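Every read-out reported here was derived from the displayed coordinates using simple, explicitly stated rules and does not represent laboratory data. The shown structure was predicted, so the numbers you read here are calculated from the model rather than taken from an experiment. When we count neighbours, we look across all protein chains shown, and the Cβ atoms used for this are built from the backbone with ideal geometry, even at glycine.
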Amino acid sequence: MKKKLLIQIPCYNEENTLPITISSIPKKIKGIDNYDIVVIDDGSNDKTIEIAEKNGVKYIISNSRNKGLAKTFLNGVNFFRKTDYDYLVNLDADNQYNANEIEKLVEPLLNDEFDCVIGQRKISSFKIFGYFKSLLQIIGSFVLSLIVGTKIKDVTTGFRAYNKRALEKIYIYNNFSYTLESLLYFASKKIRLLCIDIETNKEVLRESRLFNGNIEYISKQLPIIVSSFAMYFPLKFFSFISIIFFTPGLILIFRFLLKYFATPDQAGNIQSLILSSIFIVVSFIFLMLGVISDLISKNRKILETIENNSSENKINYKIIKQWL
């Protein structure tokens with residue numbers, strides 16, 4: 001059976017970088033009989049669409065307005081699900097990723113050993129990242145790896161390959177970026193992940209447009225991690241908070257008991273008992289919130305299929321060109 005690949009390139013005002021990115025894609029990819037390119041334009045106001053047409057892109061999809069990377073990625077995924085392509089590779093338009101590495105990403109999918117392959121950049125030597133941002137990436141990757149249960153050195157990379165199963169019911173709820181939330185979604189769905197090291201181009205054509213500085217980066221990514229953790233692993237999330245309150249409560253109870261048995265004739269240290277009771281009650285409340293949220297999460301999973309096929313998802317972009 002022939003293997004077909006769709007290469008997705010999200011774009012927003014990429015008239016200068018898009019031709020270089022497209023031309024860097026190899027003509028032949030090992031194990032793939034045929035591949036095509038889809039450009040998902042996020043409401044650009046430059047010549048991105050015109051450049052895509054001139055460079056022979058087979059599919060061009062355009063958002064009705066600028067919606068951000070997360071929704072643009074999701075529009076491409078919705079399009080991919082309706083086609084007969086077997087695999088999807090997401091490639092950024094800024095030419096930071098070496099397109100020759102596409103073959104390395106796709107290879108583990110061919111034998112159906114994995115559902116998603118993540119191309120990890122060498123964060124410490126990636127020139128576009130300063131020292132502080134590299135540190136944030138390392139810390140964030142470590143924390144998310146603990147939650148997901150898979151060691152991932154670069155959780156924000158967009159250079160990934162997917163099969164149909166990985167993207168079958170995915171939905172991104174935040175408006176900023178799909179990279180972190182999708183990893184938590186994959187973990188909740190038991191999607192088989194593989195992380196491999198990839199090479200990046202020495203000269204990156206432009207800096208990221210998703211954020212203006214490290215403070216903005218933290219302020220946008222941290223809520224995504226917290227909310228996605230609570231959404232996809234609610235029982236684990238609220239149990240963790242419950243333990244934070246339960247631990248000092250338990251310590252204060254032991255403190256009271258030690259003081260009480262050491263000096264039974266004294267009636268002091270009642271404050272420790274009162275405070276420990278407060279901590280334990282709060283801990284119990286968070287644990288119950290976790291149980292309730294877990295039940296809601298199960299209902300949400302049932303509704304995901306309906307949401308993915310809702311009218312809103314069908315009209316938030318238009319296919320400008322589709323060559324058969």
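Put a dot 7 Å past the Cα of Ile215, heading toward its Cβ, do the same for Thr263, and the two dots end up 4.9 nm apart. Between Arg65 and Leu275, the simple spin-label model (points 7 angstrom out along Cα→Cβ) gives 5.2 nm.
Mean separation of Cα pairs under 8 Å and 6 or more residues apart, divided by the residue count, gives the stretch 16-139 a relative contact order of 26 percent. Close amide-amide hydrogen proximity is noted between Ile37 and Ile7, Lys58, Tyr59, each under 5 Å apart and 5 or more residues distant or on a separate chain (H modeled in the peptide plane; Pro and chain starts excluded).
Can you tally the net charge around Ile32? Count Lys and Arg as +1, Asp and Glu as -1, for every other residue whose Cβ sits under 12 Å from the Cβ of Ile32. Don't jump to the answer; show the numbers that get you there.
Numbers: positive: Lys2, Lys3, Lys4, Lys27, Lys28, Lys30; negative: Asp33, Asp36, Asp86, Glu103, Glu107.
Once positives and negatives cancel, what remains is +1.
Rounded to 0.05, the FRET efficiency of the Lys4 and Leu295 pair, given R0 = 56 Å and the Cβ-Cβ distance, is 0.90. Comparing the stretch 222-287 with the 2.2 N^0.38 Å rule of thumb, its C-alpha radius of gyration ratio is 1.50 (two decimals).
Across the stretch 144-192, Cα pairs under 8 Å and at least six residues apart give a relative contact order of 41 percent.
Which value results when the Cα radius of gyration for the stretch 1-115 is divided by 2.2 N^0.38 Å? Could you put the intermediate results ahead of the total?
Numbers: Rg = 13.7 Å, N = 115, 2.2 N^0.38 = 13.4 Å.
Expressed relative to 2.2 N^0.38 Å, the Cα Rg reads 1.03.
Across the stretch 182-198, rounded Karplus estimates of 3J(HN,Hα) from the backbone phi angles (6.51 cos²θ - 1.76 cosθ + 1.60, θ = phi - 60°) give 5, 5, 5, 4, 4, 5, 5, 9, 6, 6, 7, 9, 9, 10, 10, 7, 10 Hz, Gly and Pro being marked x. Pair-distance distribution P(r) for the stretch 23-180, from all Cα-Cα distances in 5 Å bins starting at 0: 1, 8, 15, 20, 22, 17, 11, 5, 1, 0 percent.
Rounded to the nearest 0.05, the FRET efficiency derived from the C-beta distance between Thr83 and Phe284 at R0 = 30 Å is 0.05.
P(r) for the stretch 132-256, please, calculated from all Cα pair distances in 10 Å bins and given in %. P(r) for the stretch 132-256, in whole percents per bin: 10, 37, 32, 13, 6, 2, 0. Note on Leu222 and Lys190: their simple-model spin labels are 3.5 nm apart, each label 7 Å out from Cα toward Cβ. Here the Karplus relation 6.51 cos²θ - 1.76 cosθ + 1.60, evaluated at θ = phi - 60°, turns the backbone of the stretch 64-81 into coupling constants of 5, 7, 5, 10, x, 5, 4, 6, 5, 4, 5, 4, x, 5, 4, 5, 4, 5 Hz, with x for every Gly and Pro. Using a Cα-Cα cut-off of under 29 Å, which lysines could be cross-linked to Lys133, ignoring same-chain neighbours fewer than 8 residues away? Excluding near neighbours in sequence, the set is Lys67, Lys71, Lys104, Lys122, Lys151, Lys153, Lys202, Lys220, Lys236. At full extension, Leu135 and Leu110 could sit 5.5 nm farther apart than now, given 0.36 nm per residue minus the alpha carbon distance. Sorted from greatest to least, the principal axis extents spanned by the alpha carbons of the stretch 141-206 come out as 36, 24, 22 Å.
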